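See below for the structure under consideration.
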Amino acid sequence: MISAFLVGFVLYAMLAGRYPWPFPIVIAVVAGLAYRILAHHEHHTLLPIDRYARDSRFREMPAGEKLFFCAVWMALCLAARTPWQPLVLGAVLAVLSVWVGKGIRLGQYLALLAVPLSFLMLSALTLLWHSVPAGTDAVLVMPWPGGYLGVTKELQSLAGIVTARALGAVSCLYFLSLSTPLPQLLMTLRRWHFPSIVTDLSFLIYRYIFVLLDTVQHMQCAARSRLGYAGTQRSIRTTGLVYGGLLARSYHSAQTRFQAMESRTFGTELRFAQGPKDSIPPGQHGVLIGITVLFAVLSVLS
């Protein structure tokens, strides 16, 4: 709900003054409602991103090639001189992830996008609204203690290009994470001679974030069933008890798992089982190369 409101508000601030009334408010309301309706939030006990990556048709493509393409796309996004190029690339990568890769539905994709999108919208607000003196030629003005906050056309252009570049870069990372299981990515980094301590810690941190999230959700559910959140004072006390218990459980869990790893003669690095390689579906390389060439041409023509 918050992400949908931010999307609508930021769009209105970016479009106000550039298009005649009431097009900015109509576009903002439609975009916010569409995002609210399409983004279906789901709660899983497993790692949803890894599950989506295993179901993707791009899973069998070598992770090194996808890393290379994503790095090129991100560089082109950050070098774009107009907002349309990163936005087009983001839309194309969303189509690849949802309809071509078929590992995730549109609602699930938008739900995963909610967290970075909220951060980007808040950043866009700080770029759009600045303190302006009275009488400034601004498209939007509102009173503020000690003066006025306003949106000018220059600020709209700046916020538009920065937000579009960031959104395009996020889309590149989402395509990589939604088509590449984490063990494949870590094995590729090891082949590129990344230190094993970096890859091992990355996997453990990523894995146990979700383990702790699942644990705290069960603890909150148990506390809620006992009316632990009935009233403000009791809610504060229950929250402290839940997170205090989570800290103790996390230390105990880490010690237990480390002892289990030592009892199995854990060496210096983690090992991942690798199954037989499947054949890469035809046309995947051509699709990624075509997107890169098209985006490069658009960058040159702009």
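The values are calculated or read from the model by the stated rules, or taken from the named source; none is laboratory data. Everything numeric here is computed off the predicted structure, so don't read it as measured data. A quick note on method: Cβ atoms are made from the backbone with ideal geometry, for glycine too, and the neighbour counts reach across all protein chains shown.
Annotations for the structure displayed:
- Test: residue in the stretch 220-227 that is surrounded by 15 or more Cβ atoms within 10 Å (Cβ to Cβ) and over 17 Å from residue 51 (Cβ atoms): yes
- Residues in the stretch 16-38 that are in contact (Cβ under 8 Å) with a residue 40 or more places away in the chain and either crowded, with 16+ Cβ neighbours inside 10 Å or within 23 Å of residue 137 (Cα to Cα) (or both): 16, 17, 18, 35.
- Single condition residue 243 does not satisfy, out of (1) under 27 Å from the mean Cα position of the chain (by Cα); (2) at pLDDT below 85; (3) surrounded by 10 or more Cβ atoms within 10 Å (Cβ to Cβ): (2)
- Residue within the stretch 60-83 that is farther than 29 Å from residue 299 by Cβ and in contact with a helix residue (DSSP H, G or I) (Cβ under 9 Å, 6 or more places away or on another chain) present: yes
- Cβ-Cβ under 7 Å pairs, at least 6 apart or on other chains, the stretch 72-96 side touching a residue at least 24 places away in the same chain (Cβ under 8 Å), far side charged (D, E, K, R) and crowded, with 17+ Cβ neighbours inside 10 Å: 77/165; 78/165; 80/165; 86/165
For every residue, the table says whether it meets (1) part of a helix (DSSP H, G or I); (2) assigned by TED's automatic domain parsing to the domain that holds residue 65; (3) at pLDDT below 80; (4) more than 24 Å from the chain's Cα centre (by Cα).
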{"position": "197", "(1), (2), (3), (4)": "yes, no, no, yes"}
{"position": "205", "(1), (2), (3), (4)": "yes, no, no, no"}
{"position": "221", "(1), (2), (3), (4)": "yes, no, no, yes"}
{"position": "228", "(1), (2), (3), (4)": "no, no, no, yes"}
{"position": "238", "(1), (2), (3), (4)": "yes, no, no, yes"}
{"position": "248", "(1), (2), (3), (4)": "yes, no, no, yes"}
{"position": "256", "(1), (2), (3), (4)": "yes, no, no, yes"}
{"position": "278", "(1), (2), (3), (4)": "no, no, yes, yes"}
{"position": "293", "(1), (2), (3), (4)": "yes, yes, no, yes"}
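Conditions tested, residue by residue: (1) out of contact with any strand residue (DSSP E or B) (no Cβ under 8 Å at 6 or more places or on another chain); (2) among the hydroxyl-bearing types (Ser, Thr, Tyr); (3) within 28 Å of residue 60 (Cβ to Cβ); (4) without any contact (Cβ under 8 Å) to a residue 12 or more places away in the chain.
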{"site": "188", "(1), (2), (3), (4)": "yes, yes, yes, no"}
{"site": "196", "(1), (2), (3), (4)": "yes, yes, yes, no"}
{"site": "201", "(1), (2), (3), (4)": "yes, no, yes, yes"}
{"site": "206", "(1), (2), (3), (4)": "yes, yes, yes, no"}
{"site": "210", "(1), (2), (3), (4)": "yes, no, yes, no"}
{"site": "216", "(1), (2), (3), (4)": "yes, no, no, no"}
{"site": "220", "(1), (2), (3), (4)": "yes, no, no, no"}
{"site": "223", "(1), (2), (3), (4)": "yes, no, no, no"}
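- Residue 265 being surrounded by 10 or more Cβ atoms within 10 Å (Cβ to Cβ), over 30 Å from residue 59 (Cβ atoms) and out of contact with any strand residue (DSSP E or B) (no Cβ under 6 Å at 6 or more places or on another chain): no
- Sole residue being closer than 27 Å to residue 48 by Cβ, outside the structural domain of residue 92 (by TED's automatic domain parsing), among the aliphatic types (A, V, I, L, M) and surrounded by fewer than 17 Cβ atoms within 10 Å (Cβ to Cβ), chosen from 122, 201: 201
- Whether a residue is under 16 Å from residue 48 (Cβ atoms), within 25 Å of the chain's Cα centre (by Cα) and part of a helix (DSSP H, G or I) was assessed, and residue 190 does not pass this test.
- Filtering the stretch 59-90 to residues that are of a type outside the set (Asp, Glu), over 17 Å from residue 162 (Cα atoms) and part of a helix (DSSP H, G or I) leaves 59, 63, 64, 66, 67, 68, 69, 70, 71, 72.
- Cβ pairs under 6 Å, 6+ apart, first in the stretch 121-145 and farther than 16 Å from residue 11 by Cβ, second surrounded by fewer than 18 Cβ atoms within 10 Å (Cβ to Cβ): 131/147; 132/148; 141/148; 142/149
- Flag if residue 150 is assigned to a helix (DSSP H, G or I) and not hydroxyl-bearing (Ser, Thr, Tyr): no
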